[in-house]
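Comments concern the structure below.
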Amino acid sequence: QDFVMVNAIVTKLNSQLPDATIVIDNIAKECNSGFVTIDYTVYNINSTEVLPAGTPIAFYIEDNYIGGTVTSQEIAIGDSESGTFIVNIPAGTPVNYEILVVVDDVGDGTGGIVIETDETNNSVTIQETQYVSPTLQEPQDITTCETDNGTNIGVFDFSSYEEDLKTSPTDVVTFYNSYDNADDAVDDITNIDSYTSNGENPQTIYVRLEGENGCYTIGEFDLIAIDCLFPDGTVTIADITKSCNSRIITVAYTINNFNSF
């Protein structure tokens, strides 16, 4: 009375698929440049098919699409392809920001053009910091007396600027006789607590404020030597001699120059 039919449904699934992943190998940046150079590598490791050439790669800063590129050739199973992309940092980007790089993404965040074995491992995120020169508060000019009248030379102490001009405890402040030396960080002035000017009056001193990332700002101030070497004449009378019926007196006096320079 019973009827039994044995059957089976066989479904063929496409298991011949690539699996694109990406890593950031290096980020090169310069002070106040407005761009970074990203070295990256696209992998096709856990796959059973080549990753086709032209697979898109998207670059984001703070979740904003900046630009993109594509793989240049097929990537074999277990193989990789490295590349470089220059990312322009938009104005208004904070000093500390986030870079997101996604392979197989056309730039709209919805995915790409390649069907993969795993669609969830296509991105890499890194926290970055812009290299920005520290802000230098322009130092005040310094005035002191000449070492001797008419020399235009003075002995100056600007050692307090070494700490006062820092914006961070890790900043380095150095002083130079020329802008070029300050720019190249060569032949800095070491005796900043007793520096003898060179006779130029005023003489310009260049100060370099360098942050921990190597970015720097150059400012300047003047050393001014003034003539403040004055005498201080005083007089005292020692004795007065006179004769009877004479209209002549003799005054003995002394001129002093005690409280003077």
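The values are calculated or read from the model by the stated rules, or taken from the named source; none is laboratory data. What you see is a predicted model; the values in this text were computed from it and never measured. Cβ: placed from backbone, ideal geometry, glycine included. Neighbour counts: every protein chain shown. For accessibility, only protein heavy atoms count, side chains too; no ligands or nucleic acids. Shrake-Rupley method; radii C 1.70, N 1.55, O 1.52, S 1.80 Å.
When the chain is treated as a Gaussian network with alpha carbon springs shorter than 10 Å, the biggest mean-square fluctuation among Val186, Val173, Val23 belongs to Val186.
Restricting the GluC sites (Glu not before Pro) of segment 1-71 to loop positions (DSSP other than H, G, I, E, B) with no more than 12 neighbouring Cβ atoms within 10 Å leaves Glu30. Once percent of Cα pairs over 27 Å apart is worked out from the coordinates, which option in [x] 56; [y] 50; [z] 65 does it equal? Label of the calculated value: [z]. In the chain, helical runs assigned H by DSSP with n ≥ 4 each contribute -39500 (n - 2.57); averaged across all residues and rounded to the nearest 500, the mean residue ellipticity at 222 nm is -500 deg cm²/dmol. Spatial offset of segment 202-234 relative to segment 137-168 amounts to 4 Å, using the alpha carbon center of each. Taking the chain as a Gaussian network of alpha-carbon nodes connected by springs under 10 Å, the highest mean-square fluctuation of the residues Pro90, Pro169, Pro231 belongs to Pro231. Cysteines in the chain that lack a partner Cβ within the 4.7 Å cut-off: Cys244.
Remark: C-alpha extents of segment 134-192 on the principal axes read 41, 22, 18 Å, sorted largest to smallest. Debye calculation, C-alpha points only, no solvent: report log10 I(q)/I(0) for segment 114-261 at q = 0.10, 0.12, 0.21 Å⁻¹, in the same order as the q values. Here the Debye-derived log intensity ratios amount to -0.58, -0.68, -1.23. Within the accessible area of the chain, what % is carbon and sulfur when the probe is 1.4 Å and the other protein chains stay in place? On the chain, the fraction of accessible area on carbon and sulfur atoms equals 49 percent. The rule of thumb for compact globular proteins, 2.2 N^0.38 Å, goes into the C-alpha radius of gyration of segment 152-221 1.10 times.
Our summary gives segment 1-118 a relative contact order of 29 percent, counting only alpha carbon pairs under 8 angstrom and 6 or more residues apart. What residue among Gly34, Gly109, Gly92 has the largest mean-square fluctuation in a Gaussian network model of the chain, using Cα springs under 10 Å? Of Gly34, Gly109, Gly92, the most mobile in the Gaussian network model is Gly92. Solvent exposure of the chain, expressed per residue, is 62 Å² of accessible area, with all protein chains present and a 1.4 angstrom probe.
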